[in-house]
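Each reported figure results from applying straightforward, stated rules to the coordinates on display, with no laboratory input. If you're wondering where the values come from, they're calculated on a predicted model, not measured in any experiment. Here the Cβ is made from the backbone with ideal geometry for all residues, glycine too, and neighbour counts use every protein chain on show.
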Amino acid sequence: MRKIILAIITAIFTLGFSAKKAFTQNEGDALRYGRYYFTGTARYAAMGGAFGAFGADVSNLAHNPAGLGVFRKSQVTLTPGVSINRTRSTHYDETNVDSRTSFNLANLGLVFSSKIGRNKRPTDGFQYINFGMAYTKTSDLNNRTLIRGTNEESSLLDDFANSVNANGGFATNAYYDQLAMNAELLIPSPSGGYYAFDAPWPNAGKIQRKDIESRGSMGDVSFAIAANYANTLYFGASFNINVLDYRQTSFHSEQDAGDSIPEFKEFVFKEYFRTRGSGINAKFGLIYRPVDFLRLGISFHTPTAFTLTDRFENDMNATFDNGVQTEALSPAGVFKYRYSNPLRLQISAGFVIGKLALLGLEYEFVNYKGPRFRETGVSTNFFQTTNERIKQVYRGGHNLKAGAELKLDPFAFRVGAHYASSPYQVTVNNSPAWGMSAGVGFQNLPSGFFLDIAYSLFSVKEAYWLYDASLVRATQTRMQKHNLLLTAGFNF
């Protein structure tokens, strides 16, 4: 995603100079608003999200809205949560760990259930028409990452210099290489072009460090309707407004590790951007109950059509051996554009073992090749290269979920597991994800009150490049998401 944002910035602020790809980062940035990790009520999370064929859970409004038709009572639920997102990184053989803890609202829902024809037999026509409203968090974007290591091969300044030299000695980006020139970190060569510092640069030890702090979330506000036909076929649809708010601040610093580089001591490059906006999508689903012990479900999610606004600014400061300090600031930038994330198809099966247990299985296809960026005004080919790049880098994703529930009234015990294939083409990166979950629930049938608690873990690994991949080794990262959810609800 950041590549796309900065390509936009370059086009606006470089005064007509041809732009080079700036702020080279892991291709995973393009997945930020398209790769979800299941969330919802504690019951849904504890069963690994394998709930699409069961229904009667508010989470279904954001996953398979046909599940709304299974309700036979009205319901209200509230699910607060705590998330601990932890990232482990290895850069030039040095390993570091950082984390961020956040409190959030995972789910809030209200269902209105209406019986049709109270004297009907259970197999005669429509039985219930139900309506629901819910908020469901689709992505927790809070995180903190620390990358640190001693690099004797290259520097971020090499990327700056390459950009300037490729453009005939002129900066290409007011948010990138222009800052390095204004901070006096690029030196003009008598033979033409620019370089960073005299030998032994860049083959001298430089302590590279990057601190990345992210805040924000994405969530669906859903309005759904569903019907129950003869207690055999359930179908539903939801209209969803996805609200997005994300901000990221990063600091890339390099220090002279052994005081072996003439003049140079340290520089720090700070990047800040914030993305806010909203989008709309629709979700459609069916659940079929051919026999008492079997449920079959299918749902389709259209891409979410977002209108987003980015705000961004960068700065760079440097300290030299003689004590001189310099600083360069970028202008404050604003850009508005459209974005659509991947469509999704879910197929699920649920097995009901009397009143004792449930077993759920689910497969989800995600078209990671499908996201597109568009202008907000007159249509041009501005995003053509970016959209082609998305099709080349990504592929279809396959998610598998499994979950089980054991009922020992008034308690229920749940476990789940989740696996997601890498969304990247094999030659670009490798980023599979897996997860596990568990939980327990309590229900007081006479009062209609129930309480569920769940813990879930997601783990995903991927390679990350501090700058141009032809200059720097990949940093290997592994992010783990620890979620604790508590759902309180009432049937009436």
Exercise. Calculate, in nm to one decimal, what Phe382 and Val291 gain on full extension: separation in residues at 0.36 nm each, minus their alpha carbon distance.
Key: 27.4 nm
Quiz item: In terms of Cα to Cα distance under 19 Å, which lysines are near enough to Lys265, apart from those fewer than 8 places away along the same chain?
Solution: Lys206, Lys210
Quiz item: What is the fewest-to-most order of Thr319, Thr385, Thr427 by other Cβ atoms lying within 10 Å of their Cβ?
Solution: Thr427, Thr385, Thr319
Quiz prompt | Local net charge near Glu327, Cβ-Cβ under 11 Å (Lys/Arg +1, Asp/Glu -1) | solution = -1
Exercise. Treating only the Cβ atoms of Lys and Arg (+1) and Asp and Glu (-1) as charged, compute the dipole magnitude of region 2-491 about its Cα centre; round to the nearest 20 debye.
Key: 2840
Self-check item: Computed [θ] at 222 nm, deg cm²/dmol, the chain (DSSP H ≥ 4; -39,500 (n - 2.57); rounded to nearest 500)
Solution: -2500 deg cm²/dmol
Exercise. Could you tell me whether region 407-492 comes out rounded, prolate or oblate from its Cα gyration tensor? Rule is a ≥ b ≥ c as square roots of the eigenvalues, rounded for a/c under 1.5, then prolate if a/b exceeds b/c, otherwise oblate.
Key: prolate
Exercise. Under 10 Å from the Cβ of Gly81, count the other residues' Cβ atoms, weight Lys and Arg +1, Asp and Glu -1, and hand me the total.
Key: 0
Quiz item: Among Ile347, Ile212, which comes first, then next, by fewest other beta-carbon atoms within 10 Å?
Solution: Ile347, Ile212
Quiz item: What spacing in nm lies between the two simple spin-label points modelled at Ser189 and Thr326, each 7 Å away from Cα in the Cβ direction?
Solution: 1.8
Quiz prompt | Entries of Lys283/Lys336; Lys137/Lys401; Lys137/Lys407; Lys137/Lys481; Lys391/Lys481 with Cα pairs more than 20 Å apart | solution = Lys283/Lys336; Lys137/Lys407; Lys391/Lys481
Exercise. Rank the residues Asp256, Asp409 as a footprinting-exposure proxy: fewest other Cβ atoms within 10 Å of their Cβ go first.
Key: Asp409, Asp256
Self-check item: Positive-end extreme of charge dipole, region 2-491 - chosen from Leu457, Thr123, Leu146 (charges on Cβ)
Solution: Thr123
Practice problem: Compute the long axis of helix 2-13 from its Cα atoms, compare it with the longest principal axis of the Cα atoms of the chain, and write down the angle in degrees, 0 to 90, nearest 10. | Solution: 50
Practice problem: Treating the angle as unsigned and between 0 and 90°, give the value, to the nearest 10°, between the Cα long axis of helix 156-166 and the longest Cα principal axis of the chain. | Solution: 70
Quiz item: Can you list, largest first and rounded to whole Å, the semi-axes you get for the chain by taking the square root of 5 times each eigenvalue of its Cα gyration tensor?
Solution: 51, 23, 17
